[in-house]
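Heads up, the thing below is written out as structure tokens.
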Amino acid sequence: MPQKVTISLIKADVGSLCGHHVVHPKQLEVARKRLEGAKKNGLIIDYYVFNCGDDLELLMTHTKGEGDPEIHGLAWNTFKEVTEKVSKPLKLYAAGQDLLSDTFSGNVKGMGPGVAEMEITERPSEPIVVFAADKTEPGAWNYPLYKIFASPDNTAGLVIDPSMHEGFIFRVMDVVEGKVVDLSCPEELYSLVALLGTTGRYVVERVLRKVDREIAAVATTTRLSLIAGKYVGKDDPALIIRAQHGFPAVGEILAPFAYPHLVAGWMRGSHYGPLMPVSLKHARCTFFDGPPRVVALGFQLTNGELIGLTGSEPADLFDDPAFDVARTIAMQIADYMRRMGEFMPARVGPEELEYTTLPKILVKLKDRFRHV
């Protein structure tokens, strides 16, 4: 029987160069060295370290299953080492920001870092697409995941591929209540959209193929403000999607990002802005700390190894002029939204602003209000 392989994508903001801008090369270097040691010791099969904006992303393959304490401990200790050896000595901004606890408890979920993991049995050919976003929240994936796995206008395979024709199951999480619900599509499509349209509360945790409940996609669902009780930086989600042969084609997976939809986050986690698809080299947020960025990396999983174009270097899927128009539109939207200044809907609603620094301003005015 083929051995199961687990793909773990664990990310955290542990400090960045020149504000909330970009990960420093020395941070990447220390993280790679740590994971290379784990590979030599046999704890993991393979790894790839990268960043999207100010977030350090650890992509690892292994045979330990989801939620394994050793794998999560490796990620936690890597983030701590990067913080202590690089972020703090270089006085990088917000050093160790996403590490909300001093003590590792066996699983990094609920401790700050974002986690997306899936355990699979490799198919004869196993392409995967790994997404990472900066300056936004897990609800940023709601629209593209709906398009990829539920919309025939986007995904032709839902219509003409017999292995996909029965549809997919969306596991949706209520991040406020900490509950999940499974919705089967297409028959519960309207109920799915009813939830996913409220991006700040209901987020897609994973997607399963209906005919055999084989996992198709998994996303991070961490909401840092709900854990910390205050604004400590945006969640900056990540996502893994399996592609081809019974799952959406790579082109169908990428297509929704040609439309830069509005997401919450951007400057100080308090504004709506367009999600701009960019290459790794352009995954650095500048204009008003943005606009929010997303990268897409393509790998071939082969006996647990992450096969890329050169060694483990992946296909940089948004490094393509096909997405130039999307980037242009994103900047037009960004400019339009910024001309509104601090007036809604450019700024997020009051329920989101509760976790920012705005309440400290409003409290100064509290006693000055009088009845009319």
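In table form, for the structure just shown:
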item	result
Relative packing of peptides 338-350, 290-302, 75-87, 97-109 - highest average C-beta neighbours within 10 Å first	290-302, 75-87, 97-109, 338-350
Alpha-carbon centroids, the stretch 237-259 and the stretch 262-296: separation in whole Å	20
Most mobile listed residue (Val250, Val203, Val176) in the chain, GNM with C-alpha springs under 10 Å	Val176
Computed label-point distance, nm, for sites Ala315 and Glu214 using a 7 Å Cα→Cβ extension	1.9
Alpha carbon centroid spacing (whole Å) that separates the stretch 80-108 from the stretch 136-172	36
Only Lys, Arg (+1) and Asp, Glu (-1) charged, at Cβ; the chain dipole about Cα centre in debye	1360
Span-rule helices in the chain, defined as complete DSSP H runs reaching 15 Å or more along the axis (Cα) with Kyte mean at least -0.5	69-82, 324-338
Max mean-square fluctuation residue, GNM over the chain, Cα-Cα springs under 10 Å, options Leu362, Leu90, Leu59	Leu362
Mean Cβ count within 10 Å, highest first, over the residues of peptides 147-156, 311-320, 179-188	147-156, 311-320, 179-188
For the stretch 327-367 versus the stretch 1-76, the gap between their alpha-carbon centres in whole angstrom	33
Total charge dipole magnitude, the stretch 82-196, about the Cα centre, Cβ charges on Lys, Arg, Asp, Glu only, Debye to nearest 20	580
Distant-in-sequence amide H partners of Thr302 (H built 1.01 Å from N, under 5 Å)	Ile307
Convex hull volume of the stretch 71-216 per residue (C-alpha atoms, cubic angstrom)	152
Length released on extending from Ile160 to Thr357, taking residue separation times 0.36 nm less the Cα-Cα span	65.9 nm
For Glu205, residues with placed amide H under 5 Å, excluding near neighbours	Arg171, Val172, Met173
Long-range HN-HN contacts of Asp46 with modeled amide H, under 5 Å	Thr61
Per-residue HN-Hα couplings for the stretch 106-112 [Karplus 6.51, -1.76, 1.60; θ = phi - 60°; Hz; x = Gly/Pro]	x, 8, 7, 4, x, 10, x
Per-peptide average of other Cβ atoms within 10 Å, ordering 61-71, 126-136 highest first	126-136, 61-71
Within the stretch 317-348, backbone nitrogen closer than 18 Å to the virtual label 7 Å beyond the Cα of Lys364 toward Cβ	342
Tail fraction, Cα-Cα pairs, the stretch 272-372, threshold 18 Å, whole percent	65
Gyration tensor (Cα) of the chain, equivalent ellipsoid semi-axes in angstrom	31, 26, 20
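None of the figures in this text is laboratory data; all of them are computed from the coordinates on show. Given the structure is predicted, the values throughout are model-derived calculations rather than measurements. Heads up, the Cβs are rebuilt from the backbone with ideal geometry, glycines too, and the neighbour counts pull from every protein chain shown.
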